[in-house]
Structure formats: C-alpha cells, structure tokens
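Trainee: Supplied in structure tokens, the structure appears directly below.
The values are calculated or read from the model by the stated rules, or taken from the named source; none is laboratory data. These numbers were taken from a predicted model, which means no experiment stands behind them. Cβ coordinates were reconstructed from backbone atoms using ideal geometry, including for glycine residues, and neighbour counts include every protein chain displayed. Just the protein is used for accessible areas: all its heavy atoms, side chains included, with ligands, DNA and RNA removed. Shrake-Rupley method; radii C 1.70, N 1.55, O 1.52, S 1.80 Å.
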Amino acid sequence: MEKHINTKCLYGNQKNKHNDPTGAISTPIYQTATFAHPAVGQSTGYDYSRVQNPTREQLEHIMTALENGNDTVAFSSGMAAIQACMELFEPGDHILSSDDLYGGSVRLFDHINRKNGLEIDYIDTSDLLNIEKSIKSNTKAIYIETPTNPMMQVTDLRAVAKICKKYQLLLIVDNTFLTPYYQNPISLGADIVLHSGTKFLGGHNDTLAGFLVTANEQLSERIRFVVKTIGTGLAPFDSWLILRGIKTLALRMECQQKNALVIVDWLTKHPKVKEVYYVGLPSHPGYHTNLNQATGFGSMISFRVDQKETAVALLEQVKLIQYAESLGGVESLITYPMLQTHADLPKEKQEEKGITDTLLRFSVGIEHVDDLIADLAQALEIQ
Ligand SMILES: *Cc1c(COP(=O)(O)O)cnc(C)c1O
C-alpha cells in the first residue's frame, strides 16, 4: 500500500529504507570523502563522495518518495540545483519562464545562462494562450514557479504539462513554496521538480540545500552525470540536517498554514493594509486553480501597506518576527522584496510586477499565532 506523506517523511518508500548494520534509527553521517574497494574491479556501491555518499543517498530516497519521482539529486543549495538543471541545455536553446520568479533565478538566467548561449523569455505563465504564442522552434523547456515569489501568481500545471507534451518541451517546476506536502508537480505531468531545500524542507533556517527530482531514468542519468562532473552535491552533514528537518515537514506545514490563515484574516481587516496576496484567499485569482492541483496554500503571504513609511516602520519595529531574507523555517521572517530578494530586477520590471516600496513578504513560522499578531499590531501602530 502507498504510504501517506507523513510516514514517507520518515522512511521514504519502505524499499529504500537505509539499512545500517548497527540498527541506528537516525541515518549516520558518513563523513568520508572516499571509500575503500573490497577487491580490484569491485565497489561497495560507493567510491567517492562527489558521486555519492550514503547520507546524501538516504536524503535523495526520501525526496524521491515525497515527490513521486524516479530519482533525486541533492545539491549544496537551491541555486546549485537550478544551475545543474540548466546544464541540460545547449547554446541556442530557448527557455520560457514565469515572469515572477525568485530573484536569484532571474540573476542566474540573465547573467550566467545567457552568457553561455541560452535564450530566456519571461512571460505570464498563468495565461495559457500566452504560453503557446511564445513557443519558438528552439524552445526546449518551460520553467514555472507556482505560486510565484513574491506576487503569488498561480499557473495551471496540468494544462502547461499538456502544452509541453504537444511541443515536446521539458516542464521544470520550482516547488519550493508548497513543498511535496501540498503539491506534487510530477504527478501533474512535470519532468523535473526543483527545490530550495534551505526553506521548508530543512525548515530550521540552519543550512542551505537544493534538489532536482526527475520523473524518468533518462533525465536522472543526465543530472547524475552533471553532479558528478561539476561537484555541487550536498555534503554529508548538511544532508543529515535536511533529513532531520524533513521528519517534521508535515507537522510544520500544517502549523504554519494554520497560522498563516489566521494572520491573513487579521491583515485583510487592518486599516493600514491595502492588499493581501495569499493563495488561500477565495478572492485570490489563482485560488481555484491552486486548489485543483494542490492540497493546501502554504504559509507565504505578501501584502501591501498604505505607504513606504509604514513598510519601513514595520520592518524596523517588529520584535519577535525577524527582518531577514529566506522563508519556510520555524522562525517567522519578514522581508522587503524590493531591497532584498528582488533587488537585482530592473526598476521598471519591479514596478510592472508590483514589487514596490509598499510590498512586504511574510514567511509565517510556528510561533503561537497570537504572539505573531500582537507583534504585527504593535509594529503597525508606530509611526
Ligand atoms: C531560496 C529560493 C531559491 C534558491 O535557493 P537557495 O537554497 O537559496 O540557493 C530558489 N527558488 C525559490 C523559490 C527560493 O525561494
């Protein structure tokens, strides 16, 4: 019987359960660079930790089970995972991407991948006609975030997967915001799912990691060749930290979403809050599409306040919530996309997307929700 996701967070699929001879419940940290060979021409299955290490392998097994994939490779960061994914393409290849992306992905595409000959166009992928219109003879992939960062736009993954099949394109989905707990893009037709494991999967704001989950053997082999060659696989200790984090993924996701729903309700009623962007709000334009492909809304909220002074005061006056980049961890963090995550976007692009000096992004943690609201209330009062 297929296990429930809460169970898979601990064991993955049973057949992949790690098999330590000591009976250790926690996967050991195999802190070794290399492995001795039993005889000439033989291997224990491990040769050198750039290629594979048992701690990393266990983490990869868990992620494959959670995302219903064929295989997973764990990388040293989300960006390392995205860069490894881009190594699948050749100079002259064209990629269509969502136009509201994590700022670091845009920086990678525009400054590294373009230099290496890739063509990237940014479009509103929540508009399906727009996607088909933008496909060119050299288009090789569609790259999607849903919901997007920070504007929470939702793209219909099943519909885009259909377009990708028709034109023989790879569908790549950054599933960092909803995680496999709420959304499984491979089950909806994606070929590659990527994650910043730094966020909800690790969950404790204590280490960086990234994942590429592949839907088939052929893609898996190509990605394994890339990680072996460029050497950006996740280290044993960091693999262990993320393994430990994932054990409580289900509990954290439920708690954080519950908190987020209460906070969204409170924010929408606050006189200084002008707009709230959250996929769990029935008035959100992507609400139904999201519900049709995901089992939850997550805990990322963007909101617009009445004026810049309010935004700045809020960031400087919060006492419990911390003003920091990143998201998804147990600690609540608030950030200013215009100056932080999306600072590298050209000003016109920022304006066009609504990433202005009144927009804040809030990653809701596991604190008691009353304490979070009290903190927001006192910070919004000052000024
Ligand atoms: C943080 C993030 C990344 C990059 O991951 P790192 O672990 O910081 O390298 C990519 N995509 C999304 C949606 C992110 O939030």
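Trainee: What do you reckon, is Ser332 among the small types (Gly, Ala, Ser), closer than 30 Å to Ser187 by Cα and not assigned by TED's automatic domain parsing to the domain that holds Glu145? Steps first, answer last, please.
Mentor: Numbers: among the small types (Gly, Ala, Ser): yes; closer than 30 Å to Ser187 by Cα: no; not assigned by TED's automatic domain parsing to the domain that holds Glu145: yes.
When the stated conditions are applied, Ser332 does not pass them.
Trainee: So which of Gln58, Gln42 ends up being away from the ligand (no atom under 16 Å from the Cβ), at pLDDT 95 or above and assigned to a loop (DSSP other than H, G, I, E, B)? It would help to see each step written out before you state the result.
Mentor: Details: Gln58 fails: assigned to a loop (DSSP other than H, G, I, E, B).
Just a single option satisfies the conditions, and that option is Gln42.
Trainee: Of everything in the stretch 240-261 that's of a type in the set (Lys, Arg) and open to solvent by 70 Å² or more (accessible area, probe 1.4 Å), which residue is nearest to Pro282 (Cα to Cα)?
Mentor: Of the stretch 240-261, the ones of a type in the set (Lys, Arg) are 244, 247, 252, 258.
With the extra rule that they be open to solvent by 70 Å² or more (accessible area, probe 1.4 Å), the set shrinks to 244, 247, 258.
On the way: Arg244: 34, Lys247: 31, Lys258: 16 Å.
Per the criteria, the residue is Lys258.
Trainee: Between Thr64, Thr72, which is within 16 Å of the chain's Cα centre (by Cα) and part of a helix (DSSP H, G or I)?
Mentor: On the way: Thr72 fails: part of a helix (DSSP H, G or I).
After ruling out the rest, the residue left standing is Thr64.
Trainee: I would also like to ask the following. Yes or no: Gly197 under 14 Å from the mean Cα position of the chain (by Cα), modelled with pLDDT of 95 or more and among the small types (Gly, Ala, Ser)? Give the steps one after another, and end with the answer.
Mentor: Values: under 14 Å from the mean Cα position of the chain (by Cα): yes; modelled with pLDDT of 95 or more: yes; among the small types (Gly, Ala, Ser): yes.
Considered against the rule, which asks whether it is under 14 Å from the mean Cα position of the chain (by Cα), modelled with pLDDT of 95 or more and among the small types (Gly, Ala, Ser), Gly197 comes out as yes.
Trainee: For Gly328, only one of the following conditions fails: (1) away from the ligand (no atom under 15 Å from the Cβ); (2) of a type outside the set (S, T, N, Q); (3) crowded, with 20+ Cβ neighbours inside 10 Å. What is its number?
Mentor: Gly328 satisfies every listed condition except (1).
Trainee: For the stretch 351-369, how many residues are among the charged types (D, E, K, R) and either under 26 Å from Gly245 (Cβ atoms) or not assigned by TED's automatic domain parsing to the domain that holds Lys272 (or both)?
Mentor: Taking the stretch 351-369 as the starting set, the residues that turn out to be among the charged types (D, E, K, R) are 351-353, 357, 361, 367.
Okay, now just the ones that are also either under 26 Å from Gly245 (Cβ atoms) or not assigned by TED's automatic domain parsing to the domain that holds Lys272 (or both), so 361, 367.
Total satisfying the criteria: 2.
Trainee: Among the residues of the stretch 96-105 satisfying the criterion of being in contact with a strand residue (DSSP E or B) (Cβ under 8 Å, 6 or more places away or on another chain) and not in a loop (DSSP other than H, G, I, E, B), which is surrounded by the fewest Cβ atoms within 10 Å (Cβ to Cβ)? Please lay out each step first, then the result.
Mentor: Quick first cut of the stretch 96-105, residues in contact with a strand residue (DSSP E or B) (Cβ under 8 Å, 6 or more places away or on another chain) only: 96-102, 105.
With the extra rule that they be not in a loop (DSSP other than H, G, I, E, B), the set shrinks to 96-98, 105.
On the way: Leu96: 26, Ser97: 21, Ser98: 25, Ser105: 24.
Within the stretch 96-105, the match that is surrounded by the fewest Cβ atoms within 10 Å (Cβ to Cβ) is Ser97.
Trainee: Please go through the stretch 96-114 and give me each residue that is within 15 Å of the ligand (Cβ to nearest atom) and in contact with a Ser or Thr (Cβ under 6 Å, 6 or more places away or on another chain), ordered by number.
Mentor: Ser98, Asp100, Gly103
Trainee: Hey, among Val318, Val305, which residue is more than 26 Å from Tyr182 (Cα to Cα), touching a residue at least 40 places away in the same chain (Cβ under 8 Å) and buried (at least 22 other Cβ atoms within 10 Å of the Cβ)?
Mentor: Val305
Trainee: Kindly indicate whether Ala80 is under 30 Å from Leu128 (Cα atoms), aliphatic (A, V, I, L, M) and either modelled with pLDDT under 95 or surrounded by 18 or more Cβ atoms within 10 Å (Cβ to Cβ) (or both).
Mentor: yes
Trainee: Could you check the stretch 165-176 and list, in sequence order, the residues that are surrounded by fewer than 23 Cβ atoms within 10 Å (Cβ to Cβ) and in contact with a Gly (Cβ under 8 Å, 6 or more places away or on another chain)?
Mentor: Initial filter on the stretch 165-176 (surrounded by fewer than 23 Cβ atoms within 10 Å (Cβ to Cβ)): 165-170.
Passing the criteria: only Lys165.
Trainee: While we're looking at this one, here's another question. Which condition number does Thr179 fail, the rest of (1) under 11 Å from the mean Cα position of the chain (by Cα); (2) among the β-branched types (Val, Ile, Thr); (3) open to solvent by 10 Å² or more (accessible area, probe 1.4 Å) being met?
Mentor: Among (1) under 11 Å from the mean Cα position of the chain (by Cα); (2) among the β-branched types (Val, Ile, Thr); (3) open to solvent by 10 Å² or more (accessible area, probe 1.4 Å), Thr179 violates only (3).
Trainee: I need a count of the residues in the stretch 73-95 that are touching a strand residue (DSSP E or B) at 6+ places or on another chain (Cβ under 8 Å) and away from the ligand (no atom under 14 Å from the Cβ).
Mentor: Selection size over the stretch 73-95: 7.
Trainee: What number of residues within the stretch 342-355 satisfy the criterion of being of a type outside the set (D, E, K, R) and open to solvent by 30 Å² or more (accessible area, probe 1.4 Å)?
Mentor: Applying the first criterion (of a type outside the set (D, E, K, R)) to the stretch 342-355 yields 342-343, 345-346, 350, 354-355.
Keeping just the survivors that are open to solvent by 30 Å² or more (accessible area, probe 1.4 Å) gives 343, 346.
Of the residues in the stretch 342-355, 2 are of a type outside the set (D, E, K, R) and open to solvent by 30 Å² or more (accessible area, probe 1.4 Å).
Trainee: List the number of the failed condition for Thr44; all other conditions in (1) within 28 Å of Asn184 (Cβ to Cβ); (2) open to solvent by 70 Å² or more (accessible area, probe 1.4 Å) hold.
Mentor: Failing condition for Thr44: (1).
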